[in-house]
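Have a look at the structure below, then the notes.
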Amino acid sequence: MIDDFHGRTAVITGAGSGFGLEAARIGAARGMNLALVDVQADALEAARIELEATGARVMAHRVDVADAAQMEALAQAVLERFGAPHFVFNNAGVGAGGLVWENSVADWNWVLGVDLMGVVHGVRLFVPMMLEAAARDPAWRGHVVNTASMAGLLTPPNMGIYNAAKAAVVSLTETLYQDLGLVTDQVGASLLCPYFVPTGITTSDRNRPGTLPVGQETRSQMIGRAMTAKAVGSGKVSAADVAAMVFDAMAENRFYVFSHPKALGNVKSRMEHIVAGINPADPFLERPDIGERLRAQLRE
């Protein structure tokens, strides 16, 4: 666990908005060195200017986290500027919806590239640095936080790519926790599973690579986008609230971070159905109106 953040270094992907920006603000307030990473240049620059104005030591790199070479260059730059990071927040994410058979290969490559491979690159590049620093100093402490989603613990319809990517992040991060426990007590891990929180993810198409063609949206994709935007926009838990939860989890060495614990009822019913060998549970068990509305719209 990290009990003193002053002078420590944080690497934050998706730092230009949402959870990443709010985590960077907390880090700056606590005296951390900040390595800010985002693919959106204007948002990244705005974050750099804001956080440098607080007196924080900041480096900002425009990086596509799906790109192995760009992430390798980032890791080297962080090491040279600040040394091994103490807090790595693999947070960058994008979203895509629609009936799962309607998604293109380009859709799959984009979402899995950012949401899954971005986390993979963050783990494979920064964890070895952290372990080396820990081996040199028994007092050194570090923590990795990976952003998944409640969608990684459920299987809500009409958002299959996102579900698959986030489920993989859940599995990867739980395994990371177990693997770290085999070799060290000095580097921890946490899994962030937000539910509907107002961030910029519903407009993530703004950062879709130009090499990936954006085709005409299907009806299911348009319906999914509208419903998700409404649900996210009406969320009462803020991105700042969630970022504070992340820092609390690091200080307490707590693995699971849930923005909406009440949503765990849906997870419980899913697991109970799995154990009993019963067909999949209704992912909208606690909000049946959502499933009914989606079904009605798709069958019109």
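Below are the figures for this structure:
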quantity: Between 0 and 90°, nearest 10: helix 264-276 axis offset from the chain longest Cα axis; calculated: 70 degrees
quantity: Within straight-line cross-link reach of K268, aspartates and glutamates at Cα separation under 19 Å, skipping those fewer than 8 residues along the same chain; calculated: E174, D282, E286
quantity: Test item: Cα-centred dipole of segment 47-115, Lys/Arg +1 and Asp/Glu -1 on Cβ, debye; calculated: 320 debye
quantity: For segment 175-182, 3J(HN,Hα) per residue [Karplus equation, 6.51 cos²θ - 1.76 cosθ + 1.60, θ = phi - 60°, Hz, x = Gly/Pro]; calculated: 5, 4, 4, 5, 5, 4, x, 6
quantity: Charge dipole (debye, nearest 20) of the chain; +1 at Cβ of Lys and Arg, -1 at Cβ of Asp and Glu; calculated: 460 debye
quantity: Residues S190, S238, sorted so that the one with the fewest Cβ neighbours within 10 Å comes first; calculated: S238, S190
quantity: GNM top mover of M222, M250, M59 - the chain, alpha-carbon springs below 10 Å; calculated: M222
quantity: Ranking of L182, L294, L154, L34 by count of other Cβ atoms within 10 Å, fewest first; calculated: L182, L294, L154, L34
quantity: Listed residues L191, L176, L112, most fluctuating in the chain (Gaussian network, C-alpha, under 10 Å); calculated: L176
quantity: Candidates G142, G93, G181: whichever shows maximal mean-square fluctuation once the chain is modelled as a Gaussian network with Cα springs under 10 Å; calculated: G181
quantity: Whole-angstrom gap from segment 226-300 to segment 27-74, using each part's C-alpha centre; calculated: 30 Å
quantity: Helix-only [θ]222 nm of the chain, DSSP H runs n ≥ 4, -39500 (n - 2.57) each, per residue, nearest 500; calculated: -15500 deg cm²/dmol
quantity: Sequence of H273, H121, H6 once ranked by neighbouring C-beta atoms within 10 Å, starting from the fewest; calculated: H6, H273, H121
quantity: Helix 18-29 axis, angle to the chain major axis (alpha carbon atoms, nearest 10°); calculated: 20 degrees
quantity: FRET efficiency, A240 to D3 (Cβ-Cβ, R0 22 Å, nearest 0.05); calculated: 0.50
quantity: Whichever lysines have a C-alpha closer than 21 Å to that of K236, once near sequence neighbours (fewer than 8 apart) are set aside; calculated: K262
quantity: Positive-end residue, segment 9-262 charge dipole about Cα centroid, Cβ charges, pick of L172, A239, G55; calculated: A239
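Any read-out appearing in this document is the output of simple, stated calculations on the displayed coordinates, not a laboratory observation. Predicted model, so just to flag it, every value in this text is computed and none were measured. Quick reminder, even Gly has a Cβ in these numbers, built from the backbone with ideal geometry, and neighbours come from all protein chains shown.
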